[in-house]
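**Q** This is the structure I want to talk about, given as structure tokens.
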């Protein structure tokens, strides 16, 4: 089983965040809390580590991972197409439980999110963007505490962060903004109605 470290989600200890950053920077797989549910992630720079996530989670290769970023400006690294409507959504809902699917520079599309969680942001800002999925076996329910995560995943992780309960306890809302009108692929923490209202109020 990977090492388990406890980190205060309100006041993350720098030394412990630094330890997690070192693991990610060398291609390690980390389980950690986010604002929504617990995540399983690796640095986007290690394709082999990304493949490992699919293998241990038993996830279909047709389901892309979400890339978590630490700053809104990091969007520019992945896509050139950010409309004024999307900028409004980002201003209103990032950091937070909204995942946006963009046209991608490198791939056909890419899903990006900036989480609202101090541990997660500390990790991303120190190690760079993470390729992430929820920390559960494919087809099983997501977990809001480290205790809930299946042993099969805990044993394969290089490091597990116990940051207490994920505050929102529900997955992010997934919104496809590659075409207009935008399409809600998965409704999570944020209701579709709220997104529509935000877009209408952009002026």
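**Q** Do we have any residue at all in the stretch 96-105 that's without any contact (Cβ under 8 Å) to a residue 60 or more places away in the chain and within 30 Å of residue 180 (Cβ to Cβ)?
**A** yes
**Q** Quick one: in the stretch 174-202, which of the residues that are in contact with a helix residue (DSSP H, G or I) (Cβ under 9 Å, 6 or more places away or on another chain) and over 21 Å from residue 108 (Cβ atoms) is surrounded by the fewest Cβ atoms within 10 Å (Cβ to Cβ)?
**A** Residue satisfying both the conditions and the ranking: 201.
**Q** Continuing with this model, one more query. Answer yes or no as to whether residue 134 is closer than 27 Å to residue 15 by Cα and modelled with pLDDT of 95 or more.
**A** Yes, satisfied.
**Q** Considering every residue within the stretch 136-143, establish whether at least one is without any contact (Cβ under 8 Å) to a residue 60 or more places away in the chain and either crowded, with 18+ Cβ neighbours inside 10 Å or more than 21 Å from residue 58 (Cβ to Cβ) (or both).
**A** Taking every residue of the stretch 136-143 in turn, none turns out to be without any contact (Cβ under 8 Å) to a residue 60 or more places away in the chain and either crowded, with 18+ Cβ neighbours inside 10 Å or more than 21 Å from residue 58 (Cβ to Cβ) (or both).
The values are calculated or read from the model by the stated rules, or taken from the named source; none is laboratory data. Since the structure is predicted, the reported quantities are computational estimates derived from the model, not experimental observations. For neighbour counting, all protein chains shown are included, and Cβ atoms are generated from backbone atoms with ideal geometry for every residue, glycine included.
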